[in-house]
Amino acid sequence: MIWKSALRRLGAALIVMVGISMLIFAIARVMPGDPARIALGPNASAAQVAALRAERHLDAPLPIQYWEFVKALSRGDLGKSLYTNRPVTTDIAQFLPATLELVIVSAIIMVLIGLPIGILSAHFRGRLPDHVGRLIALIGVCTPAFVWGVILQLFFGYFWPVFPIEGRLLESTPVPPDVTGFFLVDTLLAGNVPAFFDALHHLILPAVALAMAGLGQTARLTRSNMIEVYDRPYIEMARAYGFRPLRIATRYAFRPAFIPTLTILGLEFAAMLGNAFLVEKVFGWPGISRYGVDVIIRKDLDAIVGTVLIIAAAFLIMNIVVDILVSIINPRIRLAAGRG
Amino acid sequence: MSEPVLTIRDLRLAFGGRRGHPVLHGISLHVRAGEKVALVGESGSGKSVTARLAMGLLQESPRVHATGSIRFDGIEAISGGRDIARRRGNRVAMIFQDPTSALNPTFRIRGQFRDVLRSGDRGISAAEADRRAEAALAEVSIPDPKRALDSYAFQLSGGMNQRVMIAMALANRPALLIADEPGTALDVTVQAQTLGLMSDLTEKRGTAVLLISHNLGVVREFSDRVYVIYRGRIVEHGTTAQLFAEPRHPYTRALLAAIPKISGGGLPDLPERSPEFESPLIVHEGCGEPVEARA
């Protein structure tokens with residue numbers, strides 16, 4: 001039932017992916033500038049540039065080029081980066097896990113801190129905890145992630161140097177054998193606990209910097225949705241029947257309020273993939289967002305298309321996951337799906 | 001005559017603090033054990049607010065300024081607090097206008113019923129709570145209690161939800177049941193059925209009922225005694241028989257005249273305000289304040 005609707009959404013997502021691939025494929029190629037010339041540099045001869053253009057079918061009509069791209073994609077080949085001269089899939093496999101690890105930890109921080117702030121704000125509406133919570137949320141929302149990055153580096157890396165400000169691990173820590181690409185997981189799989197804590201230590205500042213905007217948004221949304229729910233008859237009923245205030249807040253008011261919040265949380269999570277770029281720059285984090293911007297600047301055609309497709313796929317998958325979660329916590333949708 | 005379960009004396013309420021907007025101007029009423037009392041008035045007269053104050057539901061708000069006295073079950077509830085909170089769902093329960101929206105849409109009846117029973121017995125086990133919930137639902141003639149417990153409110157009909165509410169309200173055998181326009185959101189037949197059910201069950205258990213209503217037909221069927229409330233004041237008080245046979249206050253007369261009649265003639269007008277309606281309280285014979293409260 002739920003899975004049936006998830007499959008339907010997956011189908012829709014595939015269609016969206018085809019559309020995005022055509023769009024980004026065309027956009028990357030109509031942008032001014034000759035990618036072969038940029039890749040080979042100003043000193044290359046015209047013959048060398050022409051050779052590279054021929055090798056990459058850059059002179060063929062767009063539909064032909066797209067067809068070649070699709071054929072290669074069906075073999076799991078996203079082409080070759082003009083810049084690193086490696087298969088794009090290799091580059092992505094190297095950079096994507098770093099970003100995913102960062103974004104996932106940020107999302108966890110966003111939820112674990114943003115939700116309680118929102119719940120407490122609504123519960124103590126108009127009183128001190130509410131004012132504090134709203135202030136935190138407001139500052140979080142209106143300060144860009146890279147500013148958070150610099151502030152956190154300044155305070156916790158310089159004035160009070162308790163956190164490293166760059167990279168994923170110390171120089172002295174051996175890079176764990178690559179299994180998932182998530183250092184937090186790989187270090188534990190390798191049984192290297194000190195390396196795990198080193199990776200975590202490096203993750204905290206960038207993850208907090210990236211989480212702040214979403215955290216503020218989560219707190220604000222949770223608060224306003226909770227306050228709306230507090231006016232519903234079923235909350236008066238809960239109070240009239242002597243349910244404990246804490247139980248009302250965390251259960252009877254939270255669940256109905258969380259349904260609309262969750263949808264936005266999914267979007268915030270997806271937005272982090274894009275925002276990660278600035279945080280990755282500030283913290284020297286070798287992630288896919290930084291890679292994506294680098295390849296756009298170099299007009300590295302295959303790499304641009306590959307990166308955009310991967311990020312779009314992550315976005316779409318996230319949306320499907322959120323839809324499934326919403327239908328799990330919202331009985332109306334769950335039961336309607338069961339009938340259909 | 002038994003001692004009242006609920007005695008409200010000179011209850012005044014203003015929204016927005018001491019100098020705020022006055023809503024109640026000295027309400028006094030009492031409900032004795034096992035008695036069915038109606039509080040009748042048009043919307044905005046202050047009847048619902050009186051009921052909510054009696055349950056201590058409004059006092060938390062800093063905008064609410066209430067004075068006077070609300071004695072319930074041996075405690076003073078005028079300023080809210082833990083004593084009255086502990087009695088909610090246990091010694092006093094409430095039935096709402098629209099039962100479907102009064103049940104949480106994201107939890108099954110089972111979970112909500114368990115929490116209701118926990119208000120009466122904090123240590124009750126889930127299995128014991130379910131057993132008692134099933135028995136309570138069977139008592140309100142719900143055909144398949146197990147299935148009802150596993151349902152969400154939006155899966156049940158309004159009438160079914162009303163029965164569930166009645167079962168929840170009476171599950172902990174409260175001394176007082178406050179029914180706030182019960183079932184006004186339901187159709188007339190279902191409303192009559194559930195009122196009958198509520199009447200039977202409370203009579204059987206000796207539960208006192210404070211019925212809040214604007215519907216004089218319902219009041220006449222249901223209650224022993226009636227308070228008529230107009231713009232935050234009680235204007236007439238008597239037994240149901242007295243009041244319907246011989247309404248004395250101009251407002252009560254106007255209310256009674258406004259009951260639509262099948263014989264035709266359309267709906268008579270009830271003037272929104274009239275200087276006559278402000279005339280002083282009329283108490284019918286034998287309906288004075290209880291001796292205990294006066295002392």
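Just so you know, all these numbers are worked out from the coordinates, no wet-lab data involved. Computed from a predicted structure; not experimentally measured. Reconstructed Cβ throughout: ideal geometry from the backbone, glycine too, with neighbour counts over all protein chains shown.
Of note:
- With N the number of residues in segment B:105-171, Rg(Cα) / (2.2 N^0.38 Å) evaluates to 0.99.
- About its Cα centre, segment A:4-159 has a charge dipole of approximately 460 debye under the convention of +1 per Lys or Arg Cβ and -1 per Asp or Glu Cβ, with nothing else charged.
- With both labels modelled 7 Å from their Cα along Cα-to-Cβ, the A:THR250 to B:ALA135 distance reads 3.1 nm.
- Solution diffusion estimate, µm²/s, Stokes-Einstein, segment A:90-151, Kirkwood Rh from C-alpha pairs, 10 °C, viscosity 1.306 mPa s: 117 µm²/s
- Least to most buried among B:LYS47, B:LYS146 (fewest other Cβ within 10 Å first): B:LYS146, B:LYS47
- Segment A:ILE204..A:ILE328, full-extension length gain: 41.5 nm, with 0.36 nm per residue of separation and the alpha-carbon distance subtracted.
- Least to most buried among A:TRP3, A:TRP148, A:TRP67 (fewest other Cβ within 10 Å first): A:TRP3, A:TRP67, A:TRP148
- Dividing the radius of gyration of the alpha carbons in segment A:94-297 by their Kirkwood radius gives 1.06 for Rg/Rh.
- Quotient of C-alpha Rg and 2.2 N^0.38 Å, computed over segment A:45-109: 1.54
- Distance (nanometres) between label positions extended 7 Å along Cα→Cβ at B:ARG147 and B:ARG86: 4.2 nm
- Percent RCO, i.e. relative contact order, over chain A, from Cα pairs under 8 Å lying at least 6 residues apart: 28 percent
- Those residues of segment A:63-97 whose amide nitrogen sits under 19 Å from the label point placed on A:ALA47, 7 Å along Cα→Cβ: none
- Residue mean of other protein chain beta carbons inside 10 Å, B:104-113: 5
- Sequence of B:TYR230, A:TYR241, A:TYR66 once ranked by neighbouring C-beta atoms within 10 Å, starting from the fewest: A:TYR66, B:TYR230, A:TYR241
- The local environment of B:LEU117, defined by Cβ-Cβ distances under 13 Å, has a net charge of +2 under the rule Lys, Arg +1 and Asp, Glu -1.
- Reachable lysines, given that their alpha-carbon falls under 30 Å from the alpha-carbon of A:LYS4 and they are not under 8 places away in the same chain: A:LYS71, B:LYS146
- Computed over chain B, Cα set: Rg, Dmax in Å: 19.3, 59
- For the peptide B:88-94, the mean number of other protein chain Cβ atoms found within 10 angstrom of a residue's Cβ is 4.
- Segment A:154-201: Rg to Rh, with Rh as the Kirkwood radius over Cα pairs: 1.05
- Assigned charges on the beta-carbon of Lys, Arg, Asp, Glu; chain B dipole about Cα centre (debye): 800 debye
- Paramagnetic reach from A:ILE139 (point 7 Å along Cα→Cβ, amide N under 14 Å) across segment A:208-235: A:209, A:212-213, A:216
- Taking every DSSP helix (H) stretch of at least 4 residues in chain A, weighting each as -39,500 (n - 2.57) and dividing the sum by the residue count yields a mean residue ellipticity at 222 nm of -24500 deg cm²/dmol.
- Between the beta carbons of A:VAL16 and B:SER274, assuming R0 = 51 Å, the FRET efficiency works out to 0.15 to the nearest 0.05.
- Fraction in percent of alpha-carbon pairs per bin - 5 Å, segment A:169-289: 2, 10, 15, 13, 12, 11, 10, 9, 8, 6, 3, 1, 0
- Legend: Rg and Dmax of segment A:235-340, from Cα coordinates, 20.5, 66 Å.
- Spin-label model, A:ASP59/B:ARG19: points 7 Å from Cα along the beta carbon direction are separated by 9.0 nm.
- Note: relative contact order over chain B, using C-alpha pairs below 8 Å and six or more positions apart, is 22 percent.
- Equivalent ellipsoid semi-axes - Cα gyration tensor, segment A:2-74, angstrom: 36, 12, 10
- Ellipsoid semi-axes in whole angstrom, largest first, where each is sqrt(5λ) of the Cα gyration tensor of the protein assembly as shown: 68, 26, 23
- Debye log10 I(q)/I(0) at q = 0.10 Å⁻¹ for chain A, Cα point scatterers: -0.75
- Set of segment A:19-49 residues, backbone N closer than 13 Å to the point 7 Å along the Cα-Cβ line of A:ASN85: A:39-41
- Helical content of chain B, expressed as a calculated mean residue ellipticity at 222 nm, amounts to -10000 deg cm²/dmol (DSSP H runs of 4 or more residues, -39,500 (n - 2.57) each, divided by residue number, nearest 500).
- Net charge, A:ALA36 excluded, C-beta distance under 15 Å - Lys, Arg +1, Asp, Glu -1: +2
- Neighbouring partner chain Cβ atoms per residue of A:252-261, average, 10 Å criterion: 2
- Ranked packing of A:284-290, B:250-256, most packed first, by mean Cβ within 10 Å: A:284-290, B:250-256
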